[in-house]
Structures are given as structure tokens and as C-alpha cells.
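Data first, discussion second: the structure below is written as C-alpha cells.
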Amino acid sequence: MEDFPSIWNFRSDPPDFRFSGYSNADQIALVDAVRQVLPLGANEWAKVQAIYNSYASQNGRSLQEVDSLKTKFKGLHEQRKPTGKTNPPDWVRDAKAVYLDIQARAHNITVVDRLNRGDEDEEESDDESDARDKREREQNMTNLYAIQLQDAHTTIHRLEQEIARLQDGVNIQLIRLQDKHTRVQAKLQKTKDKLDQAQRDLYQQTSENTNLRSKLEIMQLRMEVRGGTMIHHQQPQGGFYGSGFSGPSRMGTGGFPSQSTEPRYMGSEAVLPSEANEAMGQDVLPQVCPPHEVVLLSPLQS
């Protein structure tokens, strides 16, 4: 039995590439491009890439690399029948048919090569054939690993972009929270400043009230002093200065009464006349005579 060269020379279960970014129209275009070339080597797959990317450019689709096209076509022709469905999509059946055409072409080329070589093929040993098959398997596995690595890099890049987008969202939210915190702090400081100003105003008003109260007390005292002095000077002639008063005369030169040095009463306290007069002319409290210096006078002494 002839060993046919194959672009995929292993029997593992194929991965599901149905959701790798190819639309239905993209898959149909890919199968058609492979049908036109029936590629067996890297150069022929480059032709498939050129045909497919021409379609992609004309229809606004993403351009694809050779490895991506190989992987997608492999996923199509090895796709199993979906559970619960009678028939697979048309492009899947077409991919399977195209793959058979590729196998047939490879078989024909192999036969022609062997006929051309003639006796040279017969002289090849079994060891050389096994070595060639081994090299092909290794090459196929290398291609598979390269495709898987490329897919892994693509996934990593997509995840990095997603992480960057999430980080941008978190940073924006953090900036908003910081701005809100700054506004709240500004309002709090403004309220504190108003409170401090209110406390200063209250202290100033309290001081003014205290000063006004002190002035009012001084004015009341001055009024009391003036009232007591007027009462003293308005005593009748027969009281302190008349003939009914026994004691030394209070009249001065020219018939006017001399200034008395006897204490006068301001409320319940006795104040000297000179001190009372001084209190009336100044905003100071009068000096109160000590109790042992007070001399009580009676207008009825005889």
C-alpha cells in the first residue's frame, strides 16, 4: 500500500476552530482558494494565501497568515458530524472533498516521481523510507507546535489588552473618587473656617458687651455720686450752717460756706467730698473711706 504525503500526517483529534474569527463567507472563500491550488508545499500555500487575502481586501475582511489558513482548512476537513444534525454545512463537505483531491494529487505526483526515477526508487532501502517518514512527521509536528504557539501569543496579547482596558477603567474610577474626596475636603475646610469666624465674632461681641456693661456701671455710679453731692449742697441754712448748729462755723470768707472735709454718703458707704468730686470728673471708681475714719453728723446737734 502506497504511503501518500500529507500536509497533516498525524491522527490526533482536531481542535474546534469554528469560532476563530472566520465568517461563513470567509470559510467558503478559503475552501475555494484551496480548491484552485490543491497545495502540497509551502510555496503553494502562499498562493492560497494570495487568493484568500485578495478576497478579504475586496470584502473588508481581515488578512490571514499562511499558518492560520492551514489551521482553518484542517479544522474544516477534519470536522466531525455535529450531534443532532443530519448534514454538516456545505463548506465543510466541500473542504472534505478538496482534501481528497489534494490526497489524490499527492498520490499522482508520488507515482510520477517514482516512474521517473526508475531503478533509483527500487534501490532505496527501507531504512531510508522510514527516515523520510520520520522527517515528515517531525516537520508536521513542528508546524503544529508553531501554530499552537502563535495562537497562544494571540491569546496572551488579547488578554493583555483586556487587562489594560480594565486597568484604565479602575484608574478612571480612582481619579473620580480622589476628585470627590478633594471636593469634600474643601467643603469641610470652608465649613471649619466659617465656624472659626463665628467663634471670633462671638468672642468680639462678648468683649463689647463686657465693655458696655462696665461703662454702664460707671455711669450709674457717677449719677449716684452727683445725686449725693446735690443733696448735700441743698441742706437748709439752719441745718448744717444755721444758728441751730453747734460747733465750728462752716462759713468761709465773704459769707460763703467753706469746702467741707466731712464725709458724704454714697449709698451705704461714706466718701470724702474731694474723692466724690474727683469721681464725678473721671471714669474711675471713688475711693471708699475706711470705716474707722467715718464721722457721722447729725443735722440736729445742739
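Quick grid of which residues meet (1) assigned to a loop (DSSP other than H, G, I, E, B); (2) at pLDDT 50 or above:
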| site | (1), (2) |
| --- | --- |
| ASN9 | yes, no |
| SER12 | yes, no |
| TYR22 | yes, yes |
| GLU44 | no, yes |
| SER57 | no, yes |
| LEU63 | yes, yes |
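Scanning the range 135-162 for residues that are surrounded by 12 or more Cβ atoms within 10 Å (Cβ to Cβ) and either modelled with pLDDT of 85 or more or closer than 18 Å to LEU69 by Cβ (or both) gives ASN140, ASN143, LEU144, ILE147, GLN148, GLN150, ASP151, THR154. Count of the range 67-104 residues, restricted to those that are within 20 Å of ASN140 (Cβ to Cβ), at pLDDT below 90 and of a type in the set (D, E, K, R), is 1.
Within the range 131-176, the set of residues being over 25 Å from TRP45 (Cβ atoms) and of a type in the set (Lys, Arg) comprises ARG158, ARG165, ARG176.
The values are calculated or read from the model by the stated rules, or taken from the named source; none is laboratory data. None of these values were measured; they are calculated from a predicted model. Every residue, glycine among them, receives a Cβ derived from its backbone with ideal geometry; neighbour counts consider all protein chains shown.
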